[in-house]
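The values are calculated or read from the model by the stated rules, or taken from the named source; none is laboratory data. Since this is a predicted model, take the numbers as computed values, not measurements. Cβ coordinates were reconstructed from backbone atoms using ideal geometry, including for glycine residues, and neighbour counts include every protein chain displayed. Accessible surface areas use protein heavy atoms only, side chains included; no ligands, DNA or RNA. Shrake-Rupley method; radii C 1.70, N 1.55, O 1.52, S 1.80 Å.
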Amino acid sequence: MLKKVGFIGLGIMGKPMAKNLLAAKVPLMVNDINDQVVEELTALGAESGSYREIGETCEIIILIVPNGKISQQILFDKGGVSETVKPGAIVCDMSSVTPVESQTCQEKLKDKQVQFMDAPVSGGEPGAVKGTLAIMCGGAPEVFDAMQPYFDILGSSSTLIGDVGSGSVTKLVNQAIVNNTIAVVSEAFVLGTKAGADPEKVYHAIRGGLAGSAVLDAKIPMIIERNFKPGGKIAINHKDIKNVVNTAHALDVPIPYTAQLYEILQTLKVHGHMQDDHGGIVQYFEKLADVEVKKGE
């Protein structure tokens, strides 16, 4: 029997994830700061509830919100989930946060005999819609087992990495690779375009070789169509890369490429691109070279 789930955060990722749980007949209580999206989910069969009501009535509580500060406010501020959550419940934070933030949540919930798991995801909005997310988990094996039926609905893979915080570490690794790859692809395609090559033909020429990747296939078609509608906002990736840099520095790990990437994202922030898809990183390199990577006429 699938237990009742409280689902908090109905943004670009959360809304389709919640819809997939509903489609799988999971009893669902939802919450978001956007009343309109809550109404959309209740029209599909979900209940609406406050943080306290979710804590009181749900055995599984999933969060997917912009950052760890918001996660902790939802859980521990006045009127938060922790005021009513029952012993034996599981709180699963699927947001992209730092390992320290995940471990802090675990420590604060331990006294209430509530289990915690960090389980950030990769796959962007398309993966959330299709239910094909890659889910990176940190926590106890028995908590992972209890969450598995829900992970199977939300993703095509879920992996227990280790203790609480290790899922968040894995997401930082993922974000460093994805965003650095987008940046390198962007730089290279700006070069090709400036040299007079049709970027669409370049893409088809290289995608089957060693330069081919999921990032290339996901982002170049969007870039050449000038489609920066966000599946993963630069704002979220800016936050994630800042977390990568801060975590690496705390561990005395030099990360020269990712540190430079953060400055690229910071430049895009200054120029008003935070709400663009992270494929919009290309705009930084386009500005430098005074060229636009787009489909030929």
*Do you know which of the residues in segment 253-278 that are within 21 Å of I224 (Cα to Cα) and open to solvent by 70 Å² or more (accessible area, probe 1.4 Å) is farthest from the chain's Cα centre (by Cα)?*
H271
*Considering (1) hydrophobic (A, V, I, L, M, F, W, C); (2) without any contact (Cβ under 8 Å) to a residue 40 or more places away in the chain; (3) surrounded by 14 or more Cβ atoms within 10 Å (Cβ to Cβ), say which one A250 fails and leave the rest.*
(3)
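At pLDDT 95 or above, surrounded by fewer than 20 Cβ atoms within 10 Å (Cβ to Cβ) and assigned to a strand (DSSP E or B): is that true of A134 in this structure?
Yes.
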*Conditions (1) within 21 Å of G155 (Cβ to Cβ); (2) among the charged types (D, E, K, R); (3) assigned to a helix (DSSP H, G or I); (4) free of Cβ contacts under 8 Å to residues at least 24 places away in the same chain; number of the one not met by K19*: (4)
*What are the pairs, 6+ residues apart or on separate chains, where a residue within segment 197-222 that is at pLDDT 95 or above and of a type in the set (D, E, K, R) has its Cβ under 8 Å from a residue that is in a helix (DSSP H, G or I) and open to solvent by 40 Å² or more (accessible area, probe 1.4 Å)?*
R207/D217
_I'd like the full set of residues that are closer than 25 Å to K219 by Cβ and surrounded by fewer than 15 Cβ atoms within 10 Å (Cβ to Cβ), limited to segment 146-158._
S156, S157
*Could you please find all residues in segment 82-97 being farther than 17 Å from V164 by Cβ and within 23 Å of the chain's Cα centre (by Cα)?*
none
_Looking at segment 140-163, can you tell me whether even one residue there is over 19 Å from F285 (Cβ atoms) and touching a Pro at 6+ places or on another chain (Cβ under 9 Å)?_
yes
_Only listed residue being open to solvent by 10 Å² or more (accessible area, probe 1.4 Å), modelled with pLDDT of 95 or more and of a type in the set (A, V, I, L, M), chosen from A18, A24_ = A24
*Being touching a His at 6+ places or on another chain (Cβ under 9 Å), among the hydrophobic types (A, V, I, L, M, F, W, C), closer than 22 Å to V65 by Cα and open to solvent by less than 30 Å² (accessible area, probe 1.4 Å), is that true of even one residue in segment 279-286?*
no
*asked:* Please determine whether any residue of segment 171-181 is closer than 28 Å to I135 by Cβ, open to solvent by 60 Å² or more (accessible area, probe 1.4 Å) and in contact with an Asp or Glu (Cβ under 9 Å, 6 or more places away or on another chain).
replied: no
*Kindly check whether there is at least one residue in segment 225-239 that is without any contact (Cβ under 8 Å) to a residue 40 or more places away in the chain and open to solvent by 40 Å² or more (accessible area, probe 1.4 Å).*
no
*Which number in (1) buried (at least 18 other Cβ atoms within 10 Å of the Cβ); (2) of a type in the set (S, T, Y); (3) without any contact (Cβ under 8 Å) to a residue 40 or more places away in the chain marks the one condition that S168 misses?*
(3)
_Between a residue in segment 180-194 that is modelled with pLDDT of 95 or more and any residue that is among the basic types (K, R), which pairs come within a Cβ distance under 9 Å, given they are 6 or more apart or on different chains?_
T181/K219; I182/K219; V185/K219; S186/K219; T193/K294
_Enumeration of residues in segment 32-62 that are touching a Leu at 6+ places or on another chain (Cβ under 8 Å) and open to solvent by less than 50 Å² (accessible area, probe 1.4 Å)_ = D32, V37, V38, L41, A46
_Complete set of residues in segment 75-108 that are open to solvent by less than 10 Å² (accessible area, probe 1.4 Å), in contact with a Phe, Trp or Tyr (Cβ under 8 Å, 6 or more places away or on another chain) and part of a loop (DSSP other than H, G, I, E, B)_ = G80
